[in-house]
Amino acid sequence: MSAPLSTFGVEYRAGTLCMEGVSLAQIAAQFDTPVFVYSRAGISNAFSHLDQAVKAARGTRPYTICFAVKANSNLAVLNILAKLGAGFDIVSGGELARVLKAGGSASKVVFSGLGKTSAEMSFALKAGIKCFNIESEAELERLDQVAQQLGLRAPVSLRVNPNVDAKTHPYISTGLKNNKFGVAFDRARDVYRRAANMAGIQVAGVDCHIGSQLTDAAPLVEAMQKIVGLADDLARDGIQVHHICPGGGVGITYQDEEQIRLDAYAAALQSALGDRPVELLLEPGRAIVGNAGVLLTRVEYVKPGEAKSFLVVDAAMNDLIRPALYQAHHRITEVAEPAGNDRATYDVVGPVCESADVLGYSRELSAKQGDLLAVLSAGAYGFVMSSNYNTRPRSAEVMVDASTAKLVRARETIEELFAGEQAIDEA
Ligand code: LLP
């Protein structure tokens, strides 16, 4: 193995792939496969790295890093981040319930997403969240009503669409005009004026999010400059915002992508903000957890084919859908370091009945039946996007904490999968 493995703390020790010295073979033996394995230190380090970069740029000016819960919502992950002082960016009542259960503080929660229900609004208002990121006038009107019914005022940012090209995969690009997200930039000032006159609304901030897995900071900075300009226009209209948020989007290295330099990114955001008396919010997801997790899987069969050969493994697109959905590349490596040079080229595929059920195309691997493979950089948008397709129980999740491995979510049982179902005729 020559190229360094991108996932935190993952390296070969005495011929076995380890995470922070804990043998991944041992974890597979103890918890079975497929299993997601996360590193507590990997999560903490990534958070602290960003936190320190922002702190250095902001000095004594206020800021909050709100982890995008959608990237990895396991209670253990949220609890680690809550203890480090993180806020949270949520997109559903379910995510708010998780944050509260994990010890997160509602006062540091921002609620994104374009389809909030009245029940979700009411739950979040009663919990006392920091801000609602509103994506349409209809949503604003509904929030106004719900808040008034509760005798409350809802703190609000508009998620504006700055029409900046994030230059990322179209499915994870969100800041362009033809996109379902956000309020059109040119409409925003009018909508803010309306919001400022609503009895149930308190204007609190300006927000945007242009896309995910960005490897260049320039579009993020351009978006920031636009929304800071909008905040200045609002101030001229007599509407003073308390915070400004350029969203998430900082990418990670899956293969050989350049990573955005966090100190330069934070400095550029700060230079856009200058001395404006506002709090800076960020909504990073992937950058905090993406390279703090792997998916361990076992080879069920080696299947030589006419045109290509396959490693049929016990993890599938229902466990990690990113390759199937976004043609995403995750490195895959052997858990037992190959001694000789007996690698061959395989497509690594799951057992699901879909041709798209491929975890990696044309990988040079040395593997036989029963061997373990690690799919790297699987800490973000991995387990959270998993499903029960083909009646496959969702996998277990394990956290490596210093030298120990702790189960943080039990593998689902097959009975659990149909516990809520019933036949209409007797069996
Ligand atoms: N804020 C908002 C409003 C978002 O919609 C997102 C992600 C984030 C923050 C966090 O973005 P991040 O820092 O993680 O890039 N499932 C896709 C990614 C979808 C991202 C959706 N929104 C994937 O696996 O690549």
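The values are calculated or read from the model by the stated rules, or taken from the named source; none is laboratory data. This one's a predicted model, so the numbers in the text were calculated from it and none came from an experiment. In this analysis, Cβ positions are derived from the backbone assuming ideal geometry, glycine residues included, and neighbour counts consider all displayed protein chains.
For this structure, a couple of remarks:
- Flag if Gly42 is surrounded by 16 or more Cβ atoms within 10 Å (Cβ to Cβ) and either over 19 Å from Arg409 (Cβ atoms) or touching a residue at least 24 places away in the same chain (Cβ under 8 Å) (or both): yes
- Members of segment 232-249 found to be buried (at least 18 other Cβ atoms within 10 Å of the Cβ) and touching a residue at least 40 places away in the same chain (Cβ under 8 Å), listed by number: Leu234, Val241, His243, Cys245, Gly247, Gly248, Gly249
- Listed by first and then second residue, the pairs with beta-carbon distance under 6 Å, at least 6 apart or on different chains, first residue in segment 273-284 and touching a residue at least 24 places away in the same chain (Cβ under 8 Å), second within 10 Å of the ligand (Cβ to nearest atom) and not aliphatic (A, V, I, L, M), are Leu281/Cys66; Leu281/Cys245; Glu283/Cys66; Glu283/Asp89; Glu283/Gly247; Glu283/Gly248; Pro284/Gly248.
- Residue match in segment 178-189 (condition: within 16 Å of the ligand (Cβ to nearest atom) and surrounded by fewer than 18 Cβ atoms within 10 Å (Cβ to Cβ)): yes
- Leading residue by the ranking (surrounded by the most Cβ atoms within 10 Å (Cβ to Cβ)) among those in segment 349-370 that are assigned to a strand (DSSP E or B) and β-branched (Val, Ile, Thr): Val349
- Of all residues making up segment 85-128, the number that are under 20 Å from the mean Cα position of the chain (by Cα) and at negative phi: 28
- Residue match in segment 317-340 (condition: within 22 Å of the chain's Cα centre (by Cα), within 30 Å of Pro62 (Cα to Cα) and not hydrophobic (A, V, I, L, M, F, W, C)): no
- Residues of segment 301-320 classified as at pLDDT below 95 and under 21 Å from Tyr389 (Cα atoms), total: 0
- Test result for Gly249, within 16 Å of the ligand (Cβ to nearest atom) and closer than 23 Å to Asp51 by Cβ: yes
- Being at pLDDT 95 or above and surrounded by 21 or more Cβ atoms within 10 Å (Cβ to Cβ) holds for only one residue in Gly200, Gly229, and it is Gly200.
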